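What follows is calculated from the coordinates using simple rules that are stated; it is not laboratory data. Just so it is clear, the structure is predicted and the values come from calculations on it, not from any experiment. Methodologically, a virtual Cβ is constructed for each residue, glycine included, from the backbone with ideal geometry; neighbour enumeration extends over all protein chains shown.
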Amino acid sequence: MSMSEPTPPSGEAGAPPSSPPTSSSGPSTWSGSFPAEASATRSTPGQGDRPGPAPGALVLGIILVLAGGAILAGRVLDITLGPRAWPLWIIVPGLGMLLGSFAIPSRAGLGLAIPGAIITIVGCVLWVQETYGLYATWAYAWALVAPTGPGIGMLLHGVVHRDGSLAGDGLRTTLVGLGLFIGLGLFFEGVVGLSGQRIANLDEVLPYAAIGLGLALVVLSLLGGGRRRHA
């Protein structure tokens, strides 16, 4: 009587390697589904987010509308602008940029709002200086251009788009710029007499005004920092 040798279990030495099952009908095809992330990236033409209006075309259109409206109003109301009104060519494009930024959603429009506010303020300052011959006031009028200009742009953009944090930052920046303008203006006009005439007894009041303005700015900055930490 012959004894048969025991067959080793699969996985031990001596066992023939197992080969993956193959289909006799040809190469196997994968019948699964793509992950959700991969399928989500596939978009059908005509669907998805539509691109917004081009900022350049939007600003140019607003500038043309403002310029045409100003010319039409001048003809209807018989308004003549003298040679000293040349800063209007600076103010109108600045206003066009500022108004055009409101049509751009979220904070993406700050790239137009801040330069638009700065250009508009530069034109207004130049108009006043050209009218009254006060070009020496650039010694302190620069504070109206910056940081007041960026602050106004941020404030208006935040109010239009209901962005409270952006509007708050813009308000604080605007107050800092106005504080610099007022403080430097009191010094150059009251103490130095930059425009030719000093303000009487201003040198006695100026230290108290500087202290009060500094305390107001410190309180505003502390309140703004506390709100950001609790947010």
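Applying 1/(1 + (r/R0)^6) with r as the Cβ-Cβ distance of Tyr132 and Leu60 and R0 = 25 angstrom yields a FRET efficiency of 0.15.
In this Cβ point-charge picture (+1 for Lys and Arg, -1 for Asp and Glu), the stretch 82-231 has a dipole of about 500 debye about its Cα centre.
Given a Förster radius of 30 Å and the C-beta distance between Ser106 and Ala70 as r, what FRET efficiency does 1/(1 + (r/R0)^6) yield to the nearest 0.05? It comes out at approximately 0.50. Using the Cα coordinates of the stretch 53-230, the gyration tensor eigenvalues translate into equivalent-ellipsoid semi-axes of 32, 27, 10 Å, sorted from longest to shortest. Pop the C-beta distance of Arg198 and Arg84 into the FRET formula with R0 = 25 Å and round what comes out to the nearest 0.05. Here the calculated transfer efficiency is 0.40.
Between Leu217 and Arg162, the modelled labels are 3.4 nm apart [label points 7 Å from Cα along Cα→Cβ].
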